[in-house]
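Readers should treat all values here as calculations from the given coordinates under stated rules, not as data from a laboratory. Keep in mind it's a predicted model, so treat the numbers as computed, not measured. All Cβ positions, glycine included, derive from the backbone under ideal geometry; neighbour counts span all protein chains shown.
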Amino acid sequence: MVYRDEIQIQTSGHRDMHEITIRVEQIVEKSGLQSGIIHVFNIGSTGIVGTIEYEPGLEKDLPDMLDRLIPPSLDYGHERQWNDGNGHSHLQSTIIGPGITVPFEIGRLLLGTWQQIFHLEADIKPRNRTIVVTVIGE
Amino acid sequence: MVYRDEIQIQTSGHRDMHEITIRVEQIVEKSGLQSGIIHVFNIGSTGIVGTIEYEPGLEKDLPDMLDRLIPPSLDYGHERQWNDGNGHSHLQSTIIGPGITVPFEIGRLLLGTWQQIFHLEADIKPRNRTIVVTVIGE
Amino acid sequence: MVYRDEIQIQTSGHRDMHEITIRVEQIVEKSGLQSGIIHVFNIGSTGIVGTIEYEPGLEKDLPDMLDRLIPPSLDYGHERQWNDGNGHSHLQSTIIGPGITVPFEIGRLLLGTWQQIFHLEADIKPRNRTIVVTVIGE
């Protein structure tokens, strides 16, 4: 009923985006479960997981939007407290969220044709990311 | 333990909002499950599902807010790549998300009195939308 | 397979933030379940639940960001309809969301070291909040 696996990715830092749909679908297949939901979750407070049409335009537009609404240059309390330069990274991660839940049926994710699962690095330096994938179903 | 159904809606295009709480609750009842979570998910990358107080004021305020923060008029990479005029639709969908999870108990959704489940069309043309509802529980 | 409990908090009104990670983890422990997901959900349309590095800087930055992007001072349709002064509260809650799902393993939440679960009050007056926690697993 519960199957757990992890995806490891190496990011190059702020604005680096990865498509992880196929790796998530492989975990659904390995689980042997036929119907249910998968939950995909970035461990850590400066990474983002969601769905989008994964193509070069939006791969630029999404981090552009986040940097426009939540600019690196603003005066953040987090920066005054810790001086690690990533106040915007935390807020960008919280507004979209660190995880997504997607339904599946007969081993296939129920996504649109132009709807993929992405990971977006919001932190300012390269990170090794662990993405926890939990398959719940029967 | 897993019950699956779908809600079909026809939208009129950008900013069109539907309340789907009752249809979701009917699926919970049909499932026969007593306690757990339901997951409500829009298939496709330009639709939005979430919770809000569903009333005429916010039915205008929510799309207004999205069009103010993520305007149709900006110069999007998605537009330069595909010329389909819906770069903002994708970003609006990703920032709120295509789905929501809600707890239920004894066949009743655990929502506030003024908290409903909505679907918001972010695409620029009318769409037939399939919303996948997954009930997980016992 | 399903374990349900609630967390009650008293908030002081708009921008009041609480860390609830430990209380959520205690519910996972009480459930006796070894592996799965927990879903944490604010009942009501003006409360927010998510993850963040919980420290004094971001405790100010997060409500600051929401008040900057979705200001209390704007002319909201909700205000014209109901005159209760909390149009921004509803929109702030919808953009981040009322709930979060987190994986757990051997009774421990799979969060980063600096990643905590928070509740943020978006309403304009003190509220008694019920946060529903659902543990799904085996």
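Structural remarks
- The Kirkwood hydrodynamic radius of region B:2-137, based on inverse pair distances between different Cα atoms, is 15.5 Å.
- Estimated [θ] at 222 nm from DSSP helical runs (n ≥ 4, -39500 (n - 2.57)) normalised by residues in chain C, nearest 500: -9000 deg cm²/dmol
- Net charge over other residues, Cβ less than 12 angstrom from the Cβ of residue C:79 (K, R count +1; D, E count -1): -2
- On Cα atoms only, tilt of A:56-69 relative to the major axis of chain A in degrees: 50 degrees
- Computed from backbone phi with θ = phi - 60° and the Karplus coefficients 6.51, -1.76 and 1.60, the 3J(HN,Hα) list for region B:107-113 is x, 10, 5, 8, 10, x, 4 Hz; x is used for glycine and proline.
- Once backbone amide H atoms are built at 1.01 Å from N, residue A:104 has A:36, A:37, A:38, A:110 as its partners under 5 Å, excluding neighbours fewer than 5 places away on the same chain.
- Whichever lysines have a C-alpha closer than 26 Å to that of residue A:60, once near sequence neighbours (fewer than 8 apart) are set aside: A:125, B:125
- Residue-wise HN-Hα coupling along region B:116-130, computed from phi with Karplus coefficients 6.51, -1.76, 1.60 (Hz; x: Gly, Pro): 10, 9, 10, 10, 10, 7, 9, 6, 8, 10, x, 9, 7, 10, 9
- Average Cα contact separation per residue, region B:2-137, under 8 Å, 6 or more apart, as relative contact order %: 55 percent
- Ordered by the number of other Cβ atoms lying within 10 Å of each residue's own Cβ, fewest first, B:135, B:102 fall into the sequence B:135, B:102.
- Of the residues C:73, A:31, B:35, the one with the fewest other Cβ atoms within 10 Å heads the list, and the complete ranking is C:73, B:35, A:31.
- Taking Cα atoms only, the orientation of helix C:21-31 departs from the longest principal axis of chain C by about 40 degrees.
- Packing-based exposure ordering (other Cβ within 10 Å, fewest first) of C:22, A:95: C:22, A:95
- With Rh defined as the Kirkwood radius, the inverse of the mean 1/r over Cα pairs, the Rg/Rh of the protein assembly as shown is 0.93.
- Amide N proximity, region C:102-135 versus residue A:6 label position 7 Å along Cα-to-Cβ, cut-off under 20 Å: C:102-117
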